[in-house]
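The values are calculated or read from the model by the stated rules, or taken from the named source; none is laboratory data. Since we're looking at a predicted model, the values are computed, not measured. Note that we place each Cβ from the backbone using ideal geometry, even for glycine, and neighbour counts take in every protein chain shown. For accessibility, only protein heavy atoms count, side chains too; no ligands or nucleic acids. Shrake-Rupley method; radii C 1.70, N 1.55, O 1.52, S 1.80 Å.
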Amino acid sequence: MGTNDVVSWIRVQWDRAGAWTCLVAGAITLLVGWVGVSNTAYTAKQLPYLAGAGLGGLFLIATAGILWLSADLRDEWHKLDRIEQAIRECGTAGLEQATRRSAAATAPLDVTNGRPTDERARAVAGSPS
């Protein structure tokens with residue numbers, strides 16, 4: 001995977017790339033905070049590590065989760081757009097055929113024998129007239 005591939009992936013999947021970046025940064029921030037707290041015996045000196053690194057790391061990890069959810073929702077929206085487009089394409093063809101059948105069903109009956117005329121029979125059967 002070349003540099004161009006990575007850059008193009010980041011441009012297309014910016015939210016997933018951001019999620020991974022925030023996740024790694026959050027993990028590193030929590031690790032730095034833990035090391036700072038564990039090297040200090042006094043509670044008063046541990047509080048800045050908890051406030052800065054602990055809350056900052058949790059914020060970055062939560063942001064990663066939100067970005068990942070955003071990426072998944074974007075994928076679902078694209079999938080729904082493709083499904084809707086396919087339905088519209090099939091629906092247009094089906095609508096034309098249903099219109100032909102409906103028009104044929106309302107065509108007059110042959111009053112001599114009570115059967116549909118040839119045009120009506122062909123249209124209801126779906127064959128072109």
>> Could you tell me how many of the residues in segment 33-75 are of a type outside the set (Ser, Thr, Tyr) and closer than 29 Å to residue 7 by Cβ?
In response: 17
>> Can you find a residue that is touching a helix residue (DSSP H, G or I) at 6+ places or on another chain (Cβ under 9 Å), outside any helix (DSSP H, G or I), open to solvent by less than 80 Å² (accessible area, probe 1.4 Å) and β-branched (Val, Ile, Thr) anywhere in segment 32-53?
In response: yes
> When only residues in segment 7-58 that are among the β-branched types (Val, Ile, Thr) and modelled with pLDDT of 90 or more count, which is nearest to residue 78 (Cα to Cα)?
Replying inline: 21
> Mind checking which pairs have a first residue in segment 60-87 that is more than 24 Å from residue 27 (Cβ to Cβ) and a second that is of a type in the set (Phe, Trp, Tyr) and open to solvent by 80 Å² or more (accessible area, probe 1.4 Å), Cβ under 9 Å, 6 or more apart or different chains?
Replying inline: none
>> Looking only at segment 59-99, count every residue that is open to solvent by 80 Å² or more (accessible area, probe 1.4 Å), modelled with pLDDT of 90 or more and more than 9 Å from the chain's Cα centre (by Cα) and tell me the total.
In response: 5
